[in-house]
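Written out below as structure tokens is the structure these notes cover.
The values are calculated or read from the model by the stated rules, or taken from the named source; none is laboratory data. Computed from a prediction, not measured in an experiment: that's the story for all the values here. No Cβ is skipped: glycine too gets one built from the backbone with ideal geometry, and neighbour counts run over all protein chains shown.
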Amino acid sequence: MIPASFDYEVAESAEHAVALLAEHGDEAKLLAGGHSLIPMMRFRLATPTVLVDVGRLDDLRYINADNGTISIGALTRHSELEHSELLARSCPMMASVAALVGDPAVRHRGTLGGTLAHSDPASDLPAAVLALGGTIVARGPSGDREIAATDFFTGYFESALADDEMIVEVRVPASDAGWNYQKFNRRAQDWAIVGVAVADAGAGVSLVNMGSTPLRASAVEAAVASGASAADAAALAAEGLQPPSDLNADADYRRHLARVFTQRALNAAGVA
Amino acid sequence: MESITLAVNGTERNLEVEPRTLLVHALRDDLRLTGTNIGCDSSSCGACTVLINGQSAKSCTMFAVQADGADITTIEGVADSDGTMHPMQQAFHEHHALQCGYCTPGMVMAAISLVEEYPDLDDQGVRHGLEGNLCRCTGYQNIVNAVLAVAGSGSKGSES
């Protein structure tokens, strides 16, 4: 279907984008790679009246390392994460997870800031940022603020971003200690039916598509921290969660998958 | 309406488009470049794959205004002007990598981008790399063979 009509504005800087958002209110949306937003507009699930195109802000396409922190510009594309030698060395989970998003053509367009702002509980990269204990830098009319990834995802496709804020940077700690990402789907290219990200040998564990947001598996993390085996820790993966039921899997099957893949991810990350 | 300039297959084209005009519609309806097909219309099938500044992209999931100023290559632009086929087209021909042909323009464009992006492709790499391009004749084996021939891996792929 053809999307509903909208007015198109090209942002010349992040500040300009924020000013345009402030001017147009909550009917405006930022357009980066568009690979989440445009399909939603085509299905008329989203009908913004103004699109602010931030896709040309090449100064927000970078990956830098400084004092153990990796800073990634919000407009960095998934394919750039995937092929980054810096990430391969210093935070291989980000590169590896990026390589599992969609297919190559999708990765050429999709951006890290875009996938976080979209806050789809079934997306891969938000879970990686969450497990790594990352930070999201949002720019608004009064400047920048840092939001911990653990505080960022507030509901189904909802984030802590205000209507007049945009993500400008994502920070993750440099980390190549035991990590793993497990993505279960039935068809190539699909979203995860369930996914599990493990960072820092089980200090950070997050779940994909097990609730209305990407989730930290706090009970698993606590069990690993207290010396539990991977099997005992993974048994807690679905504790207290209300995963969705859909055509691919009902809630009980998702709970089962979460336990199985958490154990596999912990084992692969070096937790016995 | 927005005024945009696209460098399509090496030729600058000026267009007036609605912001909501998808790139695939601008290519097919405004520029009459109908080699780029529309399949699923939801970025799953890859029939509409073109190159944007040399990289594969699904033209059904991009507004034409987003491509303003970009170099775009469609299937019409990959052969030489004297009609010599692109090596990927030639490989598809030699390996009979098509049945009904509907997915073929998108497959060829995705494959050209794939061998450029991943220099050490093997059978699995080609299969993963083309997972965003669906062939509903399920003629994948010969497509994989064709792409591997261009990638120069020497492997002809498994007989799965």
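Observations on the model:
- Scan of the stretch A:160-212 for residues that are among the hydroxyl-bearing types (Ser, Thr, Tyr) and within 15 Å of A:Ala122 (Cα to Cα), ordered by number: A:Tyr181, A:Ser206, A:Ser212
- Candidate set from the stretch A:238-272 (those that are of a type in the set (Gly, Ala, Ser) and outside any loop (DSSP other than H, G, I, E, B)); member that is surrounded by the most Cβ atoms within 10 Å (Cβ to Cβ): A:Ala258
Residues are listed down the side, and each one gets a yes or a no for (1) in the same structural domain as A:Asn67 (by TED's automatic domain parsing); (2) touching a Lys or Arg at 6+ places or on another chain (Cβ under 6 Å); (3) touching a residue at least 40 places away in the same chain (Cβ under 8 Å):
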residue	(1), (2), (3)
A:Gly133	yes, no, yes
A:Ala138	yes, yes, no
A:Asp144	yes, no, no
A:Ala160	yes, no, no
A:Ala199	no, no, yes
A:Ala222	no, no, no
A:Ser226	no, no, no
A:Ala231	no, no, no
A:Ala249	no, no, yes
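- Scanning the stretch B:1-14 for residues that are surrounded by fewer than 20 Cβ atoms within 10 Å (Cβ to Cβ), touching a residue at least 12 places away in the same chain (Cβ under 8 Å) and either in contact with a Leu (Cβ under 7 Å, 6 or more places away or on another chain) or not charged (D, E, K, R) (or both) returns B:Met1, B:Ser3, B:Thr5, B:Ala7, B:Asn9, B:Gly10, B:Arg13.
- Pick from the stretch A:1-38, criterion among the charged types (D, E, K, R) and more than 18 Å from A:Leu161 (Cβ to Cβ), ranking: farthest from the other protein chains (Cβ to nearest Cβ): A:Glu12
Okay, residues lined up against (1) surrounded by fewer than 22 Cβ atoms within 10 Å (Cβ to Cβ); (2) within 18 Å of the chain's Cα centre (by Cα); (3) at pLDDT 95 or above:
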residue: A:Asp58; (1), (2), (3): yes, no, yes
residue: A:Glu80; (1), (2), (3): yes, yes, yes
residue: A:Arg89; (1), (2), (3): yes, no, yes
residue: A:Val97; (1), (2), (3): no, yes, yes
residue: A:Val106; (1), (2), (3): no, yes, yes
residue: A:Thr115; (1), (2), (3): no, yes, yes
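- Some residue of the stretch A:78-96 being more than 28 Å from A:Tyr181 (Cβ to Cβ) and within 9 Å of chain B (Cβ to nearest Cβ): no
- A:Gly55 meets all of the listed conditions (1) under 16 Å from A:Val137 (Cβ atoms); (2) within 10 Å of chain B (Cβ to nearest Cβ) but one, namely (1).
- Some residue of the stretch A:148-155 being in contact with a helix residue (DSSP H, G or I) (Cβ under 6 Å, 6 or more places away or on another chain) and surrounded by fewer than 22 Cβ atoms within 10 Å (Cβ to Cβ): no
- Any hit, the stretch B:45-64, residues being farther than 23 Å from A:Gly33 by Cα and under 13 Å from the mean Cα position of the chain (by Cα): no
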